[in-house]
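The values are calculated or read from the model by the stated rules, or taken from the named source; none is laboratory data. Please read these numbers as outputs of a predicted model, since none were measured by experiment. All Cβ positions, even for glycine, are placed from backbone atoms using ideal geometry, and neighbour counts span all protein chains on display. We work out accessible area using only protein heavy atoms, side chains counted, and drop any ligands, DNA or RNA first. Shrake-Rupley method; radii C 1.70, N 1.55, O 1.52, S 1.80 Å.
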Amino acid sequence: MTLVVDEVYKSHGAFELGPIDLAVDEEVLSVLGPSGCGKTTLLSTIAGTVTPDAGTISLDGLDLTGRPPEKRGTVLVFQDGALFPHMTARENVAYAASSEGRVEELADALEIGDVLDQRADTLSGGERQRVALARSLAADPDALLLDEPLANLDAPIKRRLRDELRPLLASLDVPVVYVTHDQREATAIGDRLAVIADGELLQLDTPDEVFSHPATPFVASFTGSTNLFRGDVVEAGTGRALDWNGRRLDAAIGGATIGDTVRFCIRPEYVMLASDETRNSFNGAITRQVFEGDGYLLDVVPDGGDEAVRLALSPPAYERAGLDERDRVRIALPADAIHVIGEGGGRTHETPSLSE
Ligand code: ATP
């Protein structure tokens, strides 16, 4: 079964989505993008609740574009998952399920066993969302479309369900399109990742590839590669290097040639504290630090520069280093973690500050 989105275009006043091209096999495609970028519009054109201005949607070669939603074999679950309010959670799920066994199985996986006999209109938002998810999984759809299905859940259950959902969705063996603005959720659940901004599909690849080789500065920034700089190529061929504000940086420079100015990025978790003259290392001062619960983010401005390099450290690494705010440190940017982004494509996006 393959879901194909072919040159789909839709405008809502000044907002334009597409044209978008996607082919989703029996896999989970996460669609990731900021609020208002067009994720729901895209999903709705696939579901048939929004008619595209141009382009086609097909499932296994069958053109669905003109068909009403109920004749598409696709199931669309929105954040608030509409349920039959006067029916119990069990009746809601059983309505779609092929067997009582399947209801129990999904109730277990989605942790709704305790509320199965409760009326849908008495469930909390999070419970309602999980029951709606169970109902959609039980429905045996030919394709499943999920719009932020974990959005209203609190952090611990969201993490648990994220881990549970992946095998559940994979076991359906149908194309699944999973919309979220949460990069952790998108990567944990998706086999592939489509990054959208302002109605434009910027990159479609495995989560690994998107994170390690973002196609545009926006993708880099949105997926957490907040160290985004400009440099000039000073060596190409076997020795490859950039000049970054007067500092030499060994780096793979892709197809760029000497004299080109390129944008490059490095993920904060790949920047290291260096104790000696490690390659690509610089002395600098910590200008800010933030404890984020599972680790520390430090901004370090190399001596003689004005651009901060962000560094992510685990709590043990931070404690081992015995750091204090405003300390001087030596940091290294490993050459193989530096990714040069081709000039021209995509939008620029400034590095957010630690206070954001
Ligand atoms: P969010 O993550 O906040 O749900 P989204 O990425 O799903 O956002 P969409 O809901 O697809 O974004 O909206 C994309 C843009 O289109 C927004 O600017 C929105 O205001 C606009 N839009 C969506 N539906 C309509 C409509 N029916 N009429 C007019 N504008 C619309």
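Observations
- Helix content alone sets the calculated 222 nm mean residue ellipticity of the chain: runs of n ≥ 4 DSSP H residues at -39500 (n - 2.57) each, divided across all residues, give -7000 deg cm²/dmol.
- Candidate lysines for bridging to K71, where Cα separation is under 30 Å - those fewer than 8 sequence places away on the same chain excluded: K10, K39
- Base-10 log of normalised Debye intensity for segment 131-251 (one unit scatterer per alpha-carbon) at q = 0.13, 0.17, 0.21, 0.23 Å⁻¹: -0.65, -0.92, -1.23, -1.37
- For the chain, share of DSSP beta bridges that run antiparallel, in % to the nearest 5: 75 percent
- Approximate spin-label separation D243-Q118, in nm, with each point projected 7 Å along Cα-to-Cβ: 6.6 nm
- The alpha carbon convex hull volume per residue for segment 225-341 rounds to 94 Å³.
- Accessible area of segment 167-303 divided out per residue, in Å², using a probe of 1.4 angstrom: 41 Å²
- Each residue of the chain gets 163 Å³ once the volume of the Cα convex hull is shared out per residue.
- The chain - percent of accessible surface contributed by carbon and sulfur, probe 1.4 Å: 47 percent
- A 1.4 Å probe run over segment 1-81, with the rest of the protein chains in place, finds 43 Å² accessible per residue.
- Length gained on full extension, F15 to S99, computed as 0.36 nm times the residue gap minus the Cα-Cα distance: 25.9 nm.
- Distance between modelled label sites at T261 and A155, nm, 7 Å Cα→Cβ extension: 4.1 nm
- Sites H86 and E7, calculated FRET efficiency, Cβ-Cβ separation with R0 51 Å, nearest 0.05: 0.75
- Here the extension length gained between R326 and E209 equals 38.6 nm, from 0.36 nm per residue of separation less the Cα-Cα distance.
- Solvent-accessible ranking of R248, R162, R320, largest area first, probe 1.4 Å: R320, R248, R162
- In order along segment 27-36, the phi-based Karplus estimate (6.51 cos²θ - 1.76 cosθ + 1.60, θ = phi - 60°) of 3J(HN,Hα) comes to 7, 9, 9, 8, 10, 10, x, x, 4, x Hz; Gly and Pro are listed as x.
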